[in-house]
Amino acid sequence: MESNGISEQKIVTGDSGYILQDVPHLSDYIPDLPTYSNPLQDNPAYAVVKQYFVHVDDSVPQKIVVHKDSPRGIHFRRAGPRQKIYFEPDEVRACIVTCGGLCPGLNTVIREIVYSLYHMYGVTRVLGIDGGYRGFYARNTIPLTPKVVNDIHKRGGTILGTSRGGHDTSKIVHSIQDRGINQVYIIGGDGTQKGASVIFEEIRRRGLKVVVAGIPKTIDNDIPVIDRSFGFDTAVEEAQRAINAAHVEAESVENGIGLVKLMGRYSGFIAMYATLASRDVDCCLIPESPFYLDGKGGLYEYIEKQLKENGHMVIVIAEGAGQELLSESMQQDASGNKLLQDVGLWISQGIKDYFSKQKMTINLKYIDPTYMIRAVPGNASDNVYCTLLAQSVVHGAMAGYTGFTSGLVNGRQTYIPFYRINEKQHKVVITDRMWARLLSSTNQPSFITNKEVIEDRKEHISGEEKNAENPNDENCADVAPENVNDSIP
Ligand SMILES: Nc1ncnc2c1ncn2[C@@H]1O[C@H](COP(=O)(O)OP(=O)(O)O)[C@@H](O)[C@H]1O
Ligand SMILES: O=P(O)(O)OC[C@H]1O[C@](O)(COP(=O)(O)O)[C@@H](O)[C@@H]1O
Ligand SMILES: [Mg+2]
């Protein structure tokens with residue numbers, strides 16, 4: 001299963017347009033691997049559960065809104081414990097690494113991977129890699145036991161440390177081989193999962209019995225296919241405190257403007273959901289929805305109208321919004337991500353200048369809670385989600401699956417091949433109903449001209465034609481276009 005050094009996609013087709021986008025397995029490239037009974041069948045907590053083991057053919061549909069004549073469409077392998085496993089517990093040497101930016105819930109995922117390995121499978125050798133990918137070859141490892149990780153879920157950040165850049169595939173795989181590691185758990189965002197995919201390909205090329213499994217982490221919720229990423233719920237909740245403060249400040253003074261910047265480099269999900277949750281926000285600006293400042297239908301005109309009618313207003317802006325209006329930054333971080341200009345400071349100055357020219361006194365308070373939001377521990381709902389992700393990924397690795405990311409699809413835990421996770425970024429679709437709901441809740445201008453709406457419709461129609469020809473496409477013909485709601489995390 002190889003072409004150009006990249007393993008081929010495993011696609012299984014069935015009746016009525018059923019497609020399984022399967023994940024690789026160790027047995028795909030290592031013949032005659034022995035199997036073992038899953039120790040969970042003797043575990044008092046699980047042995048009593050009827051049908052605890054996942055059926056070998058269980059899969060989860062990507063799209064659940066269908067028509068009576070729709071093909072069954074794309075499915076992913078359902079996550080969960082298998083009757084047969086491909087590792088003896090004594091044989092396992094696992095490692096965990098966290099990469100990229102911080103995200104609430106990272107420590108919970110680490111804790112639950114360790115607990116699942118120890119208490120479900122009797123695996124006792126788990127190493128933490130210190131400081132992201134470069135830690136494989138440049139730093140010390142940290143032995144992880146249930147005692148060490150017992151209460152880390154109450155802390156923000158990651159006890160393992162993290163970093164950007166430093167992905168050297170060959171050095172990383174050498175280090176994995178040298179240390180005798182055979183299960184690699186990689187927690188990180190879009191960049192990290194691309195790195196994980198390259199590590200998997202190299203391990204497969206060397207024919208090693210080593211599983212590479214990803215857990216998607218991104219506070220921006222910019223990873224495709226999955227319902228939402230862990231930490232997102234916490235981020236939306238935490239953002240409410242900043243928005244409340246901005247509202248209190250704004251409504252306490254004459255012509256008060258509260259401006260809150262939230263994270264979201266390319267995807268404005270945190271800003272959109274925080275706005276919808278708060279009800280105090282009058283304008284939400286995200287990277288996916290270009291806006292303009294001056295003239296009819298522009299931001300300044302809207303602010304002026306709000307101030308005249310209500311005496312105050314609250315604006316939420318995602319860090320990646322309006323970047324095309326700022327002078328372009330050529331700087332990148334160590335991972336190659338573009339370093340953004342501070343849009344909050346820029347827009348604050350713009351608003352102040354505009355009203356000074358209008359000879360209208362305003363009172364603007366700019367709040368930037370971004371790193372405070374990212375550094376908190378996961379909330380209750382994210383902690384449960386992190387636990388399920390961690391348990392799923394351990395079950396998958398013990399069952400010999402590799403080259404996959406564990407993720408929630410339509411409320412079910414699944415194993416998703418890396419190529420689907422890495423194919424594009426998940427973004428707010430501004431022609432979807434979720435963005436329309438936001439616009440109707442804030443009453444802000446859409447900043448879209450008639451010409452753009454016509455262009456967008458044209459694109460939508462040609463997209464539908466294309467999708468009807470290509471059932472592999474995400475917005476495929478198995479779902480009516482009006483029912484595709486890609487914006488919901
Ligand atoms: N295309 C890529 N191939 C290999 N490694 C990558 C790639 N993109 C990013 N990485 C590595 O993944 C790690 C995290 O990436 P980064 O973009 O900083 O964060 P995130 O994973 O949260 O998006 C870094 O160590 C970086 O070197
Ligand atoms: O300042 P840092 O640590 O590079 O992080 C800033 C970036 O990290 C994020 O919080 C998350 O990005 P990643 O998930 O890609 O790490 C972005 O919203 C933000 O632009
Ligand atoms: Mg990223």
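The values are calculated or read from the model by the stated rules, or taken from the named source; none is laboratory data. In this text the structure is predicted, and so the values were computed from the model without any measurement. Methodologically, a virtual Cβ is constructed for each residue, glycine included, from the backbone with ideal geometry; neighbour enumeration extends over all protein chains shown. Surface areas here come from the heavy atoms of the whole protein model, side chains and all, with no ligands, DNA or RNA. Shrake-Rupley method; radii C 1.70, N 1.55, O 1.52, S 1.80 Å.
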Relative to the longest principal axis of the chain, what angle (0 to 90°, nearest 10) does the C-alpha long axis of helix 450-469 take? 20 degrees
Length gained, Ser446-Leu33, 0.36 nm per residue minus C-alpha separation, equals 142.9 nm
Per 0.36 nm of contour for each residue apart, how much would the distance between Tyr371 and Glu254 grow if the chain were fully extended, relative to their Cα-Cα spacing? 39.1 nm
Could you run the Karplus curve 6.51 cos²θ - 1.76 cosθ + 1.60 with θ = phi - 60° over the stretch 232-244 and give me ³J(HN,Hα) per residue in whole Hz, x for Gly and Pro? 5, 4, 4, 5, 5, 5, 5, 4, 4, 5, 5, 5, 4
Could you report the stretch 232-376's accessible area per residue, 1.4 Å probe, as an integer in Å²? 45 Å²
Computed from the beta carbon distance with a Förster radius of 35 Å, FRET efficiency for Asp90 and Asp227 to the nearest 0.05 stands at 0.45
Could you size up the charge dipole of the chain around its Cα centre, putting +1 on the beta carbon of Lys and Arg and -1 on that of Asp and Glu, and report it in debye to the nearest 20? 1100 debye
Determine ³J(HN,Hα), in whole Hz, for all residues of the stretch 198-209 in sequence, where each value follows from phi through the Karplus function 6.51 cos²θ - 1.76 cosθ + 1.60 and θ = phi - 60°; x replaces Gly and Pro. 5, 4, 4, 4, 5, 5, 5, 4, 7, x, 8, 7
Rounded to a whole number, what % of the accessible area of the chain do carbon and sulfur atoms account for, probe 1.4 Å? 49 percent
Assigned charges on the beta-carbon of Lys, Arg, Asp, Glu; the stretch 232-376 dipole about Cα centre (debye): 200 debye
Protection proxy ranking, peptides 207-216, 66-75, 33-42, 121-130, average beta carbon neighbours within 10 Å, highest first: 207-216, 121-130, 66-75, 33-42
Positive-end residue, the chain charge dipole about Cα centroid, Cβ charges, pick of Ser356, Ile113, Ser16: Ile113
Per-residue ellipticity at 222 nm attributable to helices in the chain (runs of n ≥ 4 DSSP H, -39500 (n - 2.57) apiece, nearest 500 deg cm²/dmol) works out to -10000 deg cm²/dmol
For the stretch 232-376, please report how many Lys pairs fall under 23 Å Cα to Cα, leaving out neighbours fewer than 8 apart on the same chain. 19
What is the stretch 14-157's relative contact order, in percent, from Cα pairs under 8 angstrom and six or more apart in sequence? 23 percent
Could you pull out which residues in the stretch 371-394 have an amide N less than 19 Å from a spot 7 Å beyond the Cα of Val148, following the Cα-Cβ vector? 390-391, 394
Rg in Å to one decimal, and Dmax rounded to a whole Å, for the chain via C-alpha atoms: 24.2, 81
For the stretch 360-431, with equal point scatterers placed on the C-alpha atoms only and solvent neglected, what are the log10 I(q)/I(0) values from the Debye formula at q = 0.15, 0.16, 0.19, 0.23 1/Å, to two decimals? -0.76, -0.82, -1.00, -1.12
Grab the beta carbon distance between Ala380 and Gln240, set R0 = 22 Å, and tell me the FRET efficiency rounded to 0.05. 0.90
Any idea what the relative contact order of the chain is, in percent, if you count C-alpha pairs under 8 Å spaced at least 6 apart? 21 percent
Quarter of Cα convex hull surface for the stretch 1-115, i.e. mean projection, nm²: 11.7 nm²
A student applying the Cα gyration tensor rule (rounded when a/c is under 1.5; otherwise prolate if a/b is larger than b/c, oblate if not) would label the stretch 232-376 oblate
